[in-house]
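See structure below.
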Ligand code: GLC
């Protein structure tokens with residue numbers, strides 16, 4: 001099986017958020033499976049697809065023999081990306097409705113690394129810019145053209161490859177032009193039109209709205225007429241892409257169920273419900289080698305299950321680093337992430353004063369919209385011993401907070417999957433989360449399930465509910481003893497790895513997508 005991912009991000013070449021981590025880890029994990037498993041008839045057993053429940057089917061395998069690597073990842077070559085010396089550069093002529101001659105020449109920069117092939121589309125007018133998606137003035141108005149060019153270039157490169165592609169795995173709205181093009185401009189090219197499409201939605205909040213004028217940077221007039229009705233002003237790329245894909249998923253079963261509802265679907269609920277069992281959720285894995293307190297070089301001391309002495313040393317070092325008293329027994333609540341309304345920093349800000357009264361200390365690490373943490377910053381100025389707001393992007397410090405905090409906060413209003421809560425549990429730091437999406441799928445409330453709990457879960461995204469959950473968590477922390485270490489241990493025992501489940505779920509889904517495409 002040959003799988004080609006198209007994405008706006010992939011760590012370590014391009015990352016602003018979880019998307020980059022997930023595309024890289026998924027490509028590695030799926031690449032390993034596709035390398036191991038000869039194509040064969042395959043029984044797919046999937047419990048995670050929403051709508052009609054479990055689906056079992058005999059999927060024809062016997063796909064193609066191995067010439068190309070099993071997994072490719074197409075990415076824009078943004079400013080500052082460094083490539084290995086052995087990378088090859090090949091000019092590629094790409095149809096481009098915006099170009100005077102209708103064709104733009106880009107460079108395809110390719111190399112194999114980490115078990116998959118990276119294929120960067122280098123075209124400075126599109127991608128050599130200050131930001132990936134926009135700058136201080138907002139989103140780039142020509143994003144449709146930019147990501148359309150990425151997708152067109154990917155399809156052109158695939159036409160030249162020796163081995164046909166079985167599955168196009170498209171991530172988020174930036175990759176949606178690929179499925180629209182498959183069905184329109186490339187309908188006469190079996191190399192492309194035979195490929196099955198799997199769409200993964202990492203965040204429903206970004207749907208890629210393009211006006212008719214913006215669409216002209218991406219499609220010809222006839223194609224636009226086919227895509228947009230005579231009265232519409234434009235289209236949402238995500239919605240159009242989802243309608244044409246063989247399979248669509250989001251990154252946790254919980255979020256997949258939520259987005260079928262009006263209050264979470266962000267206008268996509270009807271089109272997603274209409275997909276029935278072709279839409280579902282696959283929980284992201286975590287790179288458990290990269291996130292491991294037993295080997296983490298950023299920590300003051302390493303530690304592992306059953307031996308948490310190192311965690312105490314990490315706590316002491318963190319508190320010293322951020323100016324808190326390391327001998328003070330008050331619990332330290334950590335929170336890390338983009339300062340974005342999705343993440344619920346404002347809930348923490350709203351609850352902060354009461355949390356201090358309850359005996360908490362708070363450390364926050366993040367960049368973004370500082371207004372969301374205005375209350376916290378004001379408190380931090382007055383109570384340096386108890387509140388720290390660190391406005392920086394610092395990966396090593398993030399690791400020290402996961403390890404050194406006593407409790408980890410993730411009060412997101414919605415969360416397709418989330419990674420911080422998994423890392424925190426793996427680092428022995430029980431998580432306090434809002435019962436939503438991937439958070440609800442990964443954290444079990446210890447008061448509701450004393451034998452299984454790994455953290456504290458609250459129902460309403462309000463400062464009061466957050467405060468209540470934190471108060472419960474702090475009383476468990478103060479009680480300490482075996483109950484507390486058992487709570488930590490259960491979190492640390494969970495195997496979040498891609499190999500433990502998600503990689504095979506994707507592989508099975510790819511086979512299912514191939515068979516759905518063949519049926520058409
Ligand atoms: C987005 C989502 C996050 C998810 C990540 C990777 O950033 O907001 O919940 O974990 O994508 O799939």
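Derivation of every value follows stated rules applied to the coordinates shown; laboratory data play no part. Since we're looking at a predicted model, the values are computed, not measured. When we count neighbours, we look across all protein chains shown, and the Cβ atoms used for this are built from the backbone with ideal geometry, even at glycine.
The table below lists the values:
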quantity	calculated
Column: log10 I(q)/I(0), Debye, Cα scatterers of segment 422-520, q = 0.11, 0.18, 0.25 Å⁻¹	-0.43, -0.83, -1.29
Value of relative contact order over segment 373-439, rounded to a whole percent, pairs C-alpha under 8 Å and six or more apart	28 percent
Distance-filtered residues of segment 145-159 - backbone nitrogen under 20 Å, label point 7 angstrom along residue 89 Cα→Cβ	150, 153-154, 157
Calculated FRET efficiency for the pair residue 139/residue 160, C-beta based, R₀ 22 Å, to 0.05	0.10
Antiparallel bridges, percent of DSSP beta bridges restricted to segment 309-495 (to nearest 5)	0 percent
In degrees, nearest ten, helix 143-160 long axis to first principal axis of the chain (Cα)	60 degrees
Two-site FRET efficiency, residue 500 against residue 357, from Cβ-Cβ distance with R₀ of 35 Å, rounded to 0.05	0.25
Full-stretch length increase - residue 460, residue 307 - with 0.36 nm per residue and alpha-carbon distance subtracted	51.5 nm
Sequence-separation-based contact order of the chain, relative, with Cα cut under 8 Å and 6+ spacing, percent	14 percent
Rounded to 10°, Cα long-axis angle of helix 502-519 versus longest principal axis of the chain	30 degrees
Sites residue 15 and residue 378 - FRET efficiency at Förster radius 41 Å, r taken between beta-carbons, to 0.05	0.80
Segment 448-520 and segment 148-212: distance between their alpha carbon centers, rounded to Å	33 Å
Estimated 222 nm signal from helices in the chain, with DSSP H stretches of n ≥ 4 weighted -39500 (n - 2.57), rounded to 500	-11000 deg cm²/dmol
In nm, spacing of pseudo-spin labels at residue 226 and residue 325 (7 Å Cα→C-beta vector)	7.1 nm
Antiparallel %, DSSP beta bridges [both residues in the chain], to 5	40 percent
Order by protection proxy (mean Cβ within 10 Å, highest first), peptides 238-244, 218-224	238-244, 218-224
Kirkwood-Stokes translational diffusion coefficient of the chain, alpha-carbon pairs, 4 °C, 1.567 mPa s, µm²/s	54 µm²/s
Using distinct alpha-carbon pairs, which all enter the 1/r mean, Kirkwood radius of segment 309-495 in Å	16.0 Å
5 Å-binned pair-distance histogram of segment 351-445 (Cα, whole percent)	3, 13, 21, 22, 25, 13, 3, 0
Volume per residue of the C-alpha convex hull in segment 285-355, rounded to whole Å³	144 Å³
Length-normalised contact order for segment 309-495 - Cα pairs under 8 Å, 6+ apart - percent	21 percent
Folded to 0 to 90 degrees: helix 345-357 orientation relative to the chain principal axis, Cα	10 degrees
Net length gained if the chain between residue 447 and residue 129 were fully extended (0.36 nm per residue, minus Cα distance)	109.5 nm
Separation of the residue 493 and residue 294 label points, Cα + 7 Å toward Cβ, nm	1.6 nm
